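J.: The structure under discussion is supplied below as structure tokens; questions concerning it will follow.
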Amino acid sequence: MIAKASGDESVTIETRATTPYDDQKPGTSGLRKKVPHFQQENYVENFVQAIFDVAPKEPSKTLIIGGDGRYFNREVVGRVVAMAAANDCERIVIGQGGILSTPAASNLIRKRNAFGGIILSASHNPGGPNEDFGIKFNTSNGGPAPENITNAIYERTKQISEYRIDPEVKADIDTIGETDLGHLVIEVIDPVADYAALMEELFDFDKIRNLFSSGFTMAFDAMHAVTGPYAHEILEKRLGAKEGTVRNGTPKEDFGGHHPDPNLVHAKALYDTMMKSDGPDFGAASDGDGDRNLIIGKGIYVAPSDSLAVLAANATHAKAYTDGLKGVARSMPTSAAADRVAEKLGLPHYETPTGWKFFGNLLDEGYVTICGEESAGTGADHVREKDGLWAVLLWLAILASRQQSVREIVEQHWLEFGRNYFARHDFEEIDKSVAETFMSDLRAMLPQLGGKTAEGFQVQSATDFAYKDPIDGSITEHQGIRIRFEDGSRVVFRLSGTGTVGATLRVYLERFEPGSEGLDRDVAEMLEPLIEAVDALVGYRRAIGRMEPDVIT
Ligand code: G6P
Ligand code: ZN
């Protein structure tokens, strides 16, 4: 399966000269660019060599490699393997076909005590020859590399003058098996098996199987992305959901021409199915690399911030969490719904900057069990990435245990904890300098905003969010501007860290309704006055020259 003969000790490492690029700074989640950008000479090699130069090879010299199967995935897997062979790796573990969902890769890093993993994905962004690609390095805890490492990788890319490769090492990534090259063992594994086994440890599969055999129906949209094979195996094969439960279950390099982004825009077909009175009982979707989730009940969409809160409040229904949670964390722009649950249960809760990597220390130190973000990510301490199918299985475990519909569970939740009406407005592809000017003008305006009133909303505080990690003390600044109002409403302004074209301004809107009245209002109607108020105060629509957002989630 490898061009070199098995046991061949001859090493044919080449050191090749290269010149640096100045734009290889990893964003919220690794290095993301358009495919043609990655296809520039040595663009991939420089970044991968920088990872090898910076990453400590501890606790072992094992590296995990896999990606979401998008266009260019196979090509880059081949290059990473040949470079790993020349960079002091002793074992490489690759998902068959170059496939590994992000949570599955995180699990393998931990299970195999690897020093890290190289994950090839641009998450929910579209794929294809002119679309997006990404390279991300995860460290030995299984999580995205923290900022000190991503900054060191970036610094290295600015100085790089050579990279190492063993061009003779060519793995046949389609055939499961192990090849021993003497200095290096290459293992191609089933990408699903270890992950499915982990899920069986966390959840009572018999109980969920009984739910399905009692006639419960589900639609899971894999969006032609990486979760197809995982969902077929776990939902249909192991849990007995009927065939056809998994839709768009064959991964495609271009995701069938769609954005593999599980939201109401890109998973509209699933949404429409779920709104039918004779539709399935439960609907869910995941993104390109399998770490995000979308949850829809019959006739009811569950916003990610609400889903996090419901999962936290009900986690004890699932086998892994019967003893309760250690704590809950959410990213700052995520609604405070989960805080209300934590407060009621007497659990510690944390507010971190956007980006899963900020949960890593909290999970490693056992401060929290469950984390979540408004950007459709929920996860727990079983891996160090958010995990789409895990969230779906936790919902199924709760549904199986409570024997109620999604609507009943969510409505009872609001009655008990109140409802945080929430939406995110995205203004995409704004001119970068226009967006940056708006943010710095807004920052300058903050000291004058306190106490001001517009449209009946009075500003309580206006701050630029900075985070001090409670474990390592590191400080991360400028993570979003928060404007809080006296009635508990909040608006956050933040520039996306994952886009590949221009800048995306995200405006996060939240209003709290304690109940027991006013829990079933229309979200957009509820938030409209808040939009008018904040626009009157900071004039964001005029500043960016846009009246309407491109996407509302
Ligand atoms: C990635 C990260 C998430 C984060 C999201 C936000 O998906 O894994 O943790 O919430 O990006 O992206 P943004 O575009 O808002 O920076
Ligand atoms: Zn993703």
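Where a number appears in this text, it was derived from the coordinates with a stated rule and is not lab data. Because the structure is predicted, anything quoted here is derived from the model rather than measured. Because the Cβ atoms are built from the backbone with ideal geometry, glycine has one as well, and the counts that use them run over all protein chains shown.
J.: Pairs K111/K326; K33/K298; K357/K452; K57/K252; K237/K326: which are spaced more than 28 Å apart, C-alpha to C-alpha?
T.: K33/K298; K357/K452; K57/K252; K237/K326
J.: Is the C-alpha gyration tensor of the stretch 361-431 telling us rounded, prolate or oblate? Criteria: a/c under 1.5 is rounded; beyond that, a/b larger than b/c is prolate, otherwise oblate.
T.: Here the stretch 361-431 falls in the oblate category.
J.: Using the 10 angstrom Cβ neighbour count as an exposure proxy, how do L495, L63 rank, fewest first?
T.: Lowest to highest Cβ neighbour count: L495, L63.
J.: So for L527, L120, fewest C-beta neighbours within 10 Å to most, what's the order?
T.: Starting with the residue having the fewest Cβ neighbours, the order is L527, L120.
J.: Rank the residues V328, V35, V185 as a footprinting-exposure proxy: fewest other Cβ atoms within 10 Å of their Cβ go first.
T.: Starting with the residue having the fewest Cβ neighbours, the order is V185, V35, V328.
J.: What is the stretch 14-191 by shape, rounded, prolate or oblate, if you read a ≥ b ≥ c off the alpha carbon gyration tensor as root eigenvalues and call it rounded for a/c under 1.5, prolate for a/b larger than b/c, and oblate otherwise?
T.: Rounded.
J.: Could you give the dipole magnitude of the chain about its Cα centre, charging the beta-carbon of Lys and Arg +1 and that of Asp and Glu -1, in debye to the nearest 20?
T.: With only Lys, Arg, Asp and Glu charged at Cβ, the dipole is about 340 debye.
J.: Follow-up. Search the structure for amide H atoms under 5 Å from the amide H of G95, placed 1.01 Å from N in the peptide plane, and list their residues when 5 or more places away or on another chain.
T.: The answer is I65, I189.
J.: I've got another one for you. Calculate for the chain the 222 nm mean residue ellipticity that helices alone would give, adding -39,500 (n - 2.57) per DSSP H run of length 4 or more and normalising by residue count, nearest 500 deg cm²/dmol.
T.: -9000 deg cm²/dmol
J.: Thinking of the chain as a set of Cα atoms, what percent of all their pairs are more than 42 Å apart?
T.: 19 percent
J.: Please name which of I99, A145, Q39 has its Cα lying farthest along the dipole of the stretch 14-191 towards the positive end, using unit charges on Cβ (Lys, Arg +1; Asp, Glu -1) and the Cα centre as origin.
T.: Selected residue: A145.
J.: Related question: About the Cα centre, and with charges only on the beta carbon of Lys, Arg (+1) and Asp, Glu (-1), how big is the dipole of the stretch 419-552? Nearest 20 debye, please.
T.: The calculation lands at about 360 debye.
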